[in-house]
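Report on the following structure.
The values are calculated or read from the model by the stated rules, or taken from the named source; none is laboratory data. Note that this is a predicted model, so its numbers are computed, not measured. Glycine gets a Cβ as well: all are built from the backbone with ideal geometry, and neighbour counts include every protein chain shown.
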């Protein structure tokens, strides 16, 4: 009877061999599954990163339009002229002393737009167009009028247009292809 017992014990796997076999690494199926998860996640993330600059630019244009609308409402409600200042230089390049002196003399500035990296042109009511190198202002009056004009925003291949009616002060976004 001992020979049969010897055969049975030889057929059982050695517990030490099983643990070494389990510790070898990942199976091919596990690796393929992880790669599929990474590929799916990258498909969702990469297109969103590509449009980041476009969303940032459109956000800046919408912010400028909101500030203009705010200044218009403030002028009508308060009964005093309200001005929006548009600065195209990054905030760190504007001299602090110049800004303080300018704002002390123009106390009707209710909003400021800073667009570092955005090209800004201004077309007045006489269709004279100028490239803004530092800053420009649009003023709204309590009677509903404004200095008026068209703000033309550009950054790389993106463009945006905001029209300010000089008689009513109404702010609207225009068609960039028509204006440029």
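Checking the stated criteria, residue 66 turns out not to satisfy the condition of being modelled with pLDDT under 85, closer than 19 Å to residue 165 by Cβ and either surrounded by 13 or more Cβ atoms within 10 Å (Cβ to Cβ) or under 20 Å from the mean Cα position of the chain (by Cα) (or both). Of the residues making up region 93-117, those that are under 20 Å from the mean Cα position of the chain (by Cα) and at pLDDT 85 or above are 111, 112, 113, 114.
From the residues in region 125-180 that are at pLDDT 90 or above and closer than 15 Å to residue 60 by Cβ, which one is surrounded by the most Cβ atoms within 10 Å (Cβ to Cβ)? Among them, the one singled out is 151.
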